[in-house]
Amino acid sequence: MSVAKNDMHTFSSFEKKYELKWVEPFTGACKVTTAPVQEPMPFPRISSPAPVNDSLHKPAIPVSSSPRKEVKNEEVDSDMEPVTIKKENLTEDEIKTQEFGEKLTDILDKLTTQNLNISLKKVQNLEINNQKRLEMVSDLLLEKAIKEPHFSNVCAAMIQKLSVIKVPSDNNPERFVNFRGLVIRKCQNQFETGKTDEQEKIEKELAETNDYVKKEELRMILDEENKKTRLRAVANVRLIGELYKKKMLTGKIMSHCINKLFETGGLSSQWHELDEDKLECLCQLLTTIGKEFENDSYGGYQLDDIFEKMQQIVNFKSNNISSRVKCKILNVIQLRAQNRAEERSGTEDKQQEAWWLDFPNEDK
């Protein structure tokens, strides 16, 4: 027992004499730091357990025991509220019309070539009993044909099937409004529309401002607006051509449209006055109606002159027509020449319904 005490005394004296050191690498001047000596923690007694530090067990996020406060409508920012039409403020007829529009939109959004007959039956099963609902059908169909030109033939087929629908006029219940007349009138208005109000507004601001930065911004906005108007015009004439192929428009109307684009496009005037947007619409219309109009009594006598002028545009290098539009003109000329050559040789492909094919959209 005395030996153990001597050993403990010897270790304690050795520890005091040689304390543990943290020595940094030698850099010319040695710096020595002494490690702190921690006091040993006393063992807690069994009868008195160690106190628990409550601060270590507190949650990071304070939790309130009070009931959750409901957010009132007055506390919500009005700018963040969704814009919806409250049905409480509508009459019963207006609620039904709103539901009608939602069902119609859902049907036309899913309209394709494969489900044309199914979609047509769904539209026919809707209650189209007044002029407002009939106009809603025509507006949504035309908008789909313009925004999605590759579905213009499907939209034209549905318009043809719905053309017999007629409802009493809102202004005069004794008179009737038919679906065919609504669609043709809207297509005509789109065809004859020049610059939109938005384009004229931007052009006016561009002419009045002297700020260079603002002018550049307005030019970019105007270019984007011009592109939208051009694409809508091209899609509209494509739908007009599809309606002609469905026998809903006559050859006389097509002749008027071609002459109008021929004159406004500058083909009947000087070369420096050419309007390539109108020429692009002319190419799209001729591409769509193609062979049908070639065999029409109104088409044969005027197409030769038009194609001769179009060939001159391709050959003439000093005009303001872009290469993109020139390629469209050249494609139409080549398609017509190919069609005529194969009609003379009698080797027309029977599996192909028409030689006037729609070329991929090059506007992107």
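The values are calculated or read from the model by the stated rules, or taken from the named source; none is laboratory data. The model shown is predicted, which means the values in this text are computed figures rather than measured ones. Reconstructed Cβ throughout: ideal geometry from the backbone, glycine too, with neighbour counts over all protein chains shown.
From the residues in segment 279-300 that are of a type in the set (D, E, K, R) and modelled with pLDDT under 90, which one is farthest from PRO149 (Cα to Cα)?
Looking at residues that are of a type in the set (D, E, K, R) and modelled with pLDDT under 90, I get ASP296.
I need the full set of residues from segment 196-213 which are among the hydrophobic types (A, V, I, L, M, F, W, C) and either out of contact with any helix residue (DSSP H, G or I) (no Cβ under 8 Å at 6 or more places or on another chain) or not assigned by TED's automatic domain parsing to the domain that holds LYS227 (or both), in order please. Spell out how you get there, then give the answer.
First, pick out the residues of segment 196-213 that are among the hydrophobic types (A, V, I, L, M, F, W, C): 202, 206-207, 213.
Result: ALA207, VAL213.
Name the pairs whose Cβ atoms lie under 7 Å apart, with the first residue in segment 92-108 and assigned by TED's automatic domain parsing to the domain that holds VAL137 and more than 13 Å from GLU127 (Cα to Cα), the second surrounded by 13 or more Cβ atoms within 10 Å (Cβ to Cβ) and of a type in the set (Val, Ile, Thr), and 6 or more positions between them or separate chains?
ILE107/VAL123
With respect to GLN131, is the statement that it is without any contact (Cβ under 8 Å) to a residue 24 or more places away in the chain, over 21 Å from ASN236 (Cβ atoms) and out of contact with any Leu (no Cβ under 8 Å at 6 or more places or on another chain) true?
no
Filter segment 206-232 for residues that are among the basic types (Lys, Arg) and closer than 21 Å to LYS278 by Cα and give the result.
LYS227, LYS228, ARG230, ARG232
Residues of segment 301-310 being surrounded by 12 or more Cβ atoms within 10 Å (Cβ to Cβ) and either within 15 Å of ASN339 (Cα to Cα) or modelled with pLDDT of 90 or more (or both), which ones?
LEU303, PHE307
Say whether the condition of being outside any loop (DSSP other than H, G, I, E, B), at pLDDT below 50 and under 26 Å from the mean Cα position of the chain (by Cα) is met by at least one residue in segment 71-94.
Looking for residues that are outside any loop (DSSP other than H, G, I, E, B), at pLDDT below 50 and under 26 Å from the mean Cα position of the chain (by Cα), one finds at least one in segment 71-94, hence yes.
Taking the conditions exactly as written (modelled with pLDDT under 85, buried (at least 20 other Cβ atoms within 10 Å of the Cβ) and part of a helix (DSSP H, G or I)), does ILE313 satisfy them or not?
Details: modelled with pLDDT under 85: yes; buried (at least 20 other Cβ atoms within 10 Å of the Cβ): yes; part of a helix (DSSP H, G or I): yes.
For ILE313, the condition - modelled with pLDDT under 85, buried (at least 20 other Cβ atoms within 10 Å of the Cβ) and part of a helix (DSSP H, G or I) - is met.
Can you find even one residue in segment 316-324 that is more than 26 Å from ASP223 (Cα to Cα) and modelled with pLDDT of 70 or more?
Initially, segment 316-324 is screened for residues more than 26 Å from ASP223 (Cα to Cα), giving 316.
Subset that is modelled with pLDDT of 70 or more: 316.
Yes - at least one qualifying residue is present in segment 316-324.
Here are the criteria: (1) within 18 Å of GLY241 (Cβ to Cβ); (2) in contact with a Ser or Thr (Cβ under 8 Å, 6 or more places away or on another chain). Tell me which single one PHE191 does not satisfy.
Looking at each condition in turn, PHE191 falls short on (2).
Listed here are the residues, each with its yes/no results for (1) under 25 Å from the mean Cα position of the chain (by Cα); (2) surrounded by 14 or more Cβ atoms within 10 Å (Cβ to Cβ); (3) over 28 Å from ASN117 (Cβ atoms).
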position: ILE146; (1), (2), (3): yes, yes, no
position: ALA156; (1), (2), (3): yes, yes, no
position: LEU182; (1), (2), (3): no, yes, no
position: GLU200; (1), (2), (3): yes, no, yes
position: LEU222; (1), (2), (3): yes, yes, yes
position: GLU225; (1), (2), (3): yes, yes, yes
position: LEU231; (1), (2), (3): yes, yes, yes
